[in-house]
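*Asks:* So that we are looking at the same thing, I have put the structure below in structure tokens.
Bear in mind that the values in this text are calculations on the coordinates, not laboratory data. Since this is a predicted model, take the numbers as computed values, not measurements. In this analysis, Cβ positions are derived from the backbone assuming ideal geometry, glycine residues included, and neighbour counts consider all displayed protein chains.
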């Protein structure tokens, strides 16, 4: 006979359960994890000390391990940017600034720290919670090595700053318990938004599944022990494969580089994986092709990936799992840890070890792990040192703790080779699995797979459209997004992509139609309003564009691109003060936003503040060296500062960057004329006119030169065109020159 559970729940647990249905709910749900401690007090106490339990939390004095007095403030040499960690009135902040003209602080941003991601065993990342529910990763992190150091988060160690980075669902899914997300934000490509107070740390239910049924039955009089046990997942009772998958849901990242390394199956929401179900039903993992230069990489989330490469794992016939060595409820430390982990090795290798020592082939030192699973510096988080779970026969030839540079695998250096299924593997060559493999491998395979299978899910067509956009072919992207829209007509992700393709293809009016519908479906989506502003600009409805950009920055004040384009639209209407404010807002968010730097510099030049303009334009040119317009504006500004030689260098670089830039040729002519090279100057003005026949300033410049040569007919043609200019200064000079030609006596 089964034993009956007749005990009463502790009062605290009863209070937490109030409001729940008295019997087992129809669909199991997550509960407050504090309930678990009522019956599992010892496990809860030891688990609270593990890194998983401390993986995410609000900052508070009792959990601070950082030394705020050491290395604070921190200067990032590459980007010439200062950071400081601050404590004020019981709250924590990260401050960022640069030194501008006159030694004053500029582009100052102070962000409140609302959450900390990372236990502190290796690294801590600081997060700011925006009003709209997104989490913003702050650039400076704390690392435990060498007693604690401040350094940049992965990806930020560049010679320029990055725009704000939001914490994706994938990040949250491995660093915390499951949060709540609002309706409409579960679709792939949606902005990651979180509702309410977030959980603090990975709780019991990430490995044991939702606990509502279990807790309810445990407090139900007459429920049997077997019933209570069956109402919760016990990983120890799962097959070895399912046991491993409970760990691999977070520890199987094949690479942090963009492959993609994994794809969540379409139709599965974020945070919907439940321990005990096949992991492949939720997500498919991909890897570099065999023989890739990345085959020996070691990364921070590589524990299961590296273990699965080990001969010990491969020869164990599935018996070696993560829990062979690790008790997830209790992590040993110090001497106890060494004894425990080396003891696990000796369970299988004692005899071989003794024979090798006796034969002189092996040292008698008992530290198996130190040699065969050494601590190494990870290649994706270069200030973190972790245990390498690839069990190797011989130690590494190089120093595994030596400092390394952050790998530059972004932008042009990204991996472009074949992507192969890693887990589950092999994938079926037919049906949805073949489509996912095609998504991972890019445009040609995806075109072929969709043509054969004609999938019903919109996401495959979104992937196809995005692949065409990456090839700068918006015309072919449009039909793909239209197919997606047939399947999901009210998807903000689909509509945003369709409108982007339409705008890029020159169909801005249609994009406006699509986005007008989209903002009625999702009125709080800042990106939709931003894209609507771009589309309105494309059909020269600047007042509507200003409204749309304004709505975008109201919804998302951290969207630097919207601030910049709002500033540009305002400047076009002559509202220079408002435009300057928007450019400065964009640069406060992202100090190295080249377009905003260039726009602000151009505005300041027009205002006559050439010295300040040169500061911003110099940085813009450094960031976008092949932008002819920025170099031309910089050259004009330098000339106003009487720095003519540097102005000449910049304009030569502008013409080289874009030989078809009429502005570059025109100003090159201006500099040549100043040096007395009138014929060469005229050639440049004429080149500018050939490129843009209605370029009034170039016509004025050419007309003045040919007039000075006595070629009145040609001069009149150029000057009459110049006199049509909307710029009163150009118009006045052209009319004066024409009048002079009329009154000038014949020679």
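*Asks:* What is the helix-to-structure angle for 560-572, meaning the angle in degrees between its Cα long axis and the longest Cα principal axis of the chain, kept from 0 to 90 and rounded to the nearest 10?
*Replies:* 20 degrees
*Asks:* Roughly how many nanometres apart are two label points built 7 Å out from the Cα toward the Cβ at residue 362 and residue 60?
*Replies:* Modelled inter-label distance: 4.8 nm.
*Asks:* Let me ask you something else. Rounding to the nearest 10 and keeping the result within 0 to 90°, find how far the Cα-based axis of helix 474-487 lies from the longest principal axis of the chain.
*Replies:* 50 degrees
*Asks:* Separate question: Which label marks the calculated value of mean projected area of the Cα convex hull in nm², given the options (1) 35.0; (2) 41.7; (3) 31.2?
*Replies:* Evaluating mean projected area of the Cα convex hull in nm² on these atoms matches (2).
*Asks:* So, one more: Does segment 529-586 come out rounded, prolate or oblate, given a ≥ b ≥ c as the square roots of the eigenvalues of its C-alpha gyration tensor, rounded meaning a/c under 1.5 and, failing that, prolate meaning a/b above b/c? It would help to have the intermediate numbers written out before the result.
*Replies:* On the way: a/c = 2.07, a/b = 1.08, b/c = 1.92.
Since a/c reaches 1.5 but b/c is at least a/b, the shape of segment 529-586 is classed as oblate.
*Asks:* Same structure, new question: Give, as ranges by residue number, the residues of segment 287-310 whose backbone N falls under 19 Å from the point 7 Å along Cα→Cβ of residue 402.
*Replies:* 294-299
*Asks:* Note the angle between two axes, namely the Cα long axis of helix 240-251 and the longest principal axis of the Cα atoms of the chain, as a number of degrees from 0 to 90, rounded to the nearest 10.
*Replies:* With rounding to tens, the tilt is 30 degrees.
*Asks:* Please give the peptides 432-444, 330-342 ranked by average Cβ packing (other Cβ atoms within 10 Å per residue), highest first, as a rough proxy for protection. Walk me through the intermediate numbers first.
*Replies:* Details: 432-444: 19.5, 330-342: 12.8.
So the peptides 432-444, 330-342, ranked by packing, come out 432-444, 330-342.
*Asks:* If you don't mind, there's one more thing I want to ask. Assuming 0.36 nm per residue, please report the length gained on full extension of the stretch residue 311 to residue 694 beyond their Cα-Cα distance.
*Replies:* Stretched fully, the residue 311-residue 694 segment lengthens by 130.6 nm.
*Asks:* Continuing with this model, one more query. Calculate, for residue 132 and residue 578, the FRET efficiency according to 1/(1 + (r/R0)^6) with r their C-beta to C-beta distance and R0 35 Å; round to the nearest 0.05. Intermediate values should be presented prior to the final figure.
*Replies:* Details: r = 23 Å, r/R0 = 0.67.
Efficiency for this residue pair is about 0.90.
*Asks:* Specify the inter-centroid distance of segment 217-276 and segment 132-204, based on alpha-carbon positions, in whole Å.
*Replies:* Value for the Cα centre distance between the two parts: 22 Å.
*Asks:* Determine the distance separating the Cα centre of segment 423-440 from the Cα centre of segment 376-415; give it in Å without decimals.
*Replies:* Cα centroid to Cα centroid, the span is 30 Å.
*Asks:* Taking the mean number of other Cβ atoms within 10 Å as a proxy for protection, how do you rank 391-404, 57-70 from highest to lowest? Each step should come with its number before you reach the end.
*Replies:* On the way: 391-404: 10.7, 57-70: 12.9.
Sorting 391-404, 57-70 by mean packing, highest first, produces 57-70, 391-404.
*Asks:* Computed FRET efficiency, Cβ-Cβ of residue 180 and residue 471, R0 45 Å: what is it to the nearest 0.05? Spell out each step's value before the answer.
*Replies:* Details: r = 38 Å, r/R0 = 0.84.
In this case the efficiency is close to 0.75.
*Asks:* Here's a follow-up. Under 15 Å from the 7 Å Cα→Cβ point of residue 70, by amide nitrogen: which residues of segment 125-157?
*Replies:* Answer for segment 125-157: 142-151.
*Asks:* Rounded, prolate or oblate: which fits segment 659-747 when a ≥ b ≥ c are the square roots of the eigenvalues of the alpha-carbon gyration tensor, with rounded for a/c under 1.5 and prolate only if a/b beats b/c?
*Replies:* The shape class here is oblate.
*Asks:* Listed highest first by mean packing, meaning other Cβ atoms within 10 Å per residue, what order do 126-136, 244-254, 731-741 come in?
*Replies:* The most tightly packed comes first, giving 244-254, 126-136, 731-741.
*Asks:* Further question: State, to one decimal in nm, how far the label point of residue 425 lies from the label point of residue 99, with both points 7 Å from Cα in the Cβ direction.
*Replies:* In this crude label model, residue 425 to residue 99 measures out at 5.1 nm.
*Asks:* Using a basic spin-label model with each label point 7 Å from the Cα along Cα→Cβ, how many nm lie between residue 642 and residue 347?
*Replies:* Simple spin-label model gives 8.3 nm for this pair.
*Asks:* Additional query: Whole angstrom only: what separates the Cα centroid of segment 546-620 from the Cα centroid of segment 446-469?
*Replies:* Between the Cα centres of segment 546-620 and segment 446-469 lies a distance of 38 Å.
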